[in-house]
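S.K.: If you scroll down you'll find the structure; I have some questions about it.
Any read-out appearing in this document is the output of simple, stated calculations on the displayed coordinates, not a laboratory observation. The structure displayed is predicted, hence computed values, not measured ones. Please note: Cβ atoms are built from the backbone with ideal geometry, for glycine as well, and neighbour counts cover all protein chains shown.
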């Protein structure tokens, strides 16, 4: 990720349960507690700027946020995480309405929006903080994540690609990134950047899959186009597109 033009010594206000920050695009609270009918998961797929945008565009996603997860240091800063010494991965928190979108839809986005065969790297971004990872919050999410991995691995092999390096773990403490990172790509003056290198292999059916999104939704993404997510609008995909 580009770092030189950011001031890594400047911390914006800490995000906690006592600090409610509105999602720049969705208008929801990014650190909201789960409500009835909602679920959450944490995905690491390279630079969290581009990854977050892909997820906030999906119908049924109620909020997203970027942060750090899976490390050993409490309250890490962006600068500390960038050294690779804290053990954290850059990750996106996704909270969704289970009646509108299924975890299998989110897993489809996860696997297709980056290259999970790259170890501790995504494109030009190198380091353990850019590792491919899934942090689940229930046994069901863990099981279906593993099922999707097995299915996607078969597809990658059929297409001559290598072994998936993605780590699937139970949820650990998620530290919200500094406020200027939240929904970064949607903010005025942001520098377009996305390190993801999609494989252009689509995830199909797999054990436990229960897709709720219409195939029309995925027409909004063309992973064959370099850095596709940067070329799309910031607005969520219309719910009517799912009918």
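S.K.: Return the distance in nm (one decimal) between the two label points of a simple spin-label model at residue 120 and residue 243, each offset 7 Å from Cα along Cα→Cβ.
M.R.: Each label point is offset 7 Å from its Cα along the Cβ direction, giving 5.0 nm.
S.K.: Highest mean first, how do 185-195, 110-120, 137-147 rank when packing is the count of other Cβ atoms within 10 Å averaged over residues?
M.R.: 110-120, 137-147, 185-195
S.K.: Using a 10 Å cut-off on Cβ atoms, rank the peptides 128-135, 201-208, 44-51 from the highest mean neighbour count down.
M.R.: Sorting 128-135, 201-208, 44-51 by mean packing, highest first, produces 44-51, 128-135, 201-208.
S.K.: While we're here: Going highest first, how would you order 149-158, 63-72 by mean Cβ packing within 10 Å?
M.R.: Top to bottom by mean Cβ count within 10 Å: 63-72, 149-158.
S.K.: Now, a different point. So how long is each side of segment 38-213 along the principal axes, counting just the alpha-carbon atoms, biggest first, in Å?
M.R.: 39, 36, 32
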